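Okay, structure first, notes after.
The values are calculated or read from the model by the stated rules, or taken from the named source; none is laboratory data. Values in this document were obtained by computation on a predicted structure and should not be read as measured data. Ligands, DNA and RNA are excluded from the accessible area calculation, which covers all protein heavy atoms including side chains. Shrake-Rupley method; radii C 1.70, N 1.55, O 1.52, S 1.80 Å.
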Amino acid sequence: MTLEEVKEILTASHKNLGERKAKVGHRIYLEHVQQDAVHNACLAILKNNDSKKASEYATLFTQATKDLVEIYTDKEAAADKRDIEKNVQWNAMWEELQRYFSEVHGIDIGERDVFY
């Protein structure tokens, strides 16, 4: 996965998030951006069954977020990297991703194809 591919994923995700928040009169805050970075990174890792490269994904997703969102700094990136690396090891992470993408983005990510 390249930085440009990650930026495309996050740009589409931020657009969707912004549209859904605007429909109910809300704004996107830094906390939402952070949650989106972490959840999208974890989704990519688990979809690709690539948890051994969680650190590389974490770096890509946090760097892309820093490039796309001016107020997202090294401080947020460091916290999100830790969360990404920790969360992909959690047995119930796929269920959390299903909940997040359904509630926040209105997207059904389906069942996980790969089991370990």
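Excluding same-chain neighbours fewer than eight residues apart, the aspartates and glutamates reachable from Lys47 by a Cα-Cα span under 18 Å are Glu5, Glu8, Asp36, Glu56, Asp83, Glu85, Glu95, Glu96, Asp108, Glu111, Asp113.
How high is the relative contact order of the range 53-116? Use alpha-carbon pairs under 8 Å, at least six apart in sequence, and give a whole percent. Please report the intermediate quantities before stating the final value.
Details: 31 pairs, mean separation 16.4, N = 64.
The value is 26 percent.
With the helix formula -39500 (n - 2.57) applied to DSSP H stretches of n ≥ 4, the chain reaches a computed 222 nm mean residue ellipticity of -21500 deg cm²/dmol.
Given Lys15/Lys75; Lys52/Lys81; Lys21/Lys86; Lys53/Lys86, which pairs have Cα atoms separated by over 20 Å? List each step's numbers first, then the result.
Numbers: Lys15/Lys75 24 Å; Lys52/Lys81 14 Å; Lys21/Lys86 28 Å; Lys53/Lys86 12 Å.
Where the Cα-Cα span goes over 20 Å, the pairs concerned are Lys15/Lys75; Lys21/Lys86.
Shown for the chain: the carbon plus sulfur share of the solvent-accessible area, taken with all protein chains present and a 1.4 angstrom probe, equals 49%.
For the chain, the membrane-span-like helices by this rule, meaning whole DSSP H stretches whose C-alpha atoms cover at least 18 Å of axis and whose Kyte-Doolittle mean is -1.0 or above, are 3-23, 30-47, 54-68; this says nothing about an actual membrane.
In whole Å, what three semi-axes, largest first, describe the equivalent ellipsoid of the range 3-105 built from its Cα gyration tensor (square root of 5 times each eigenvalue)?
Numbers: eigenvalues 85, 53, 28 Å².
Those come to 21, 16, 12 Å.
Counting only protein heavy atoms and a 1.4 Å probe, the chain has 61 square angstrom of accessible area per residue.
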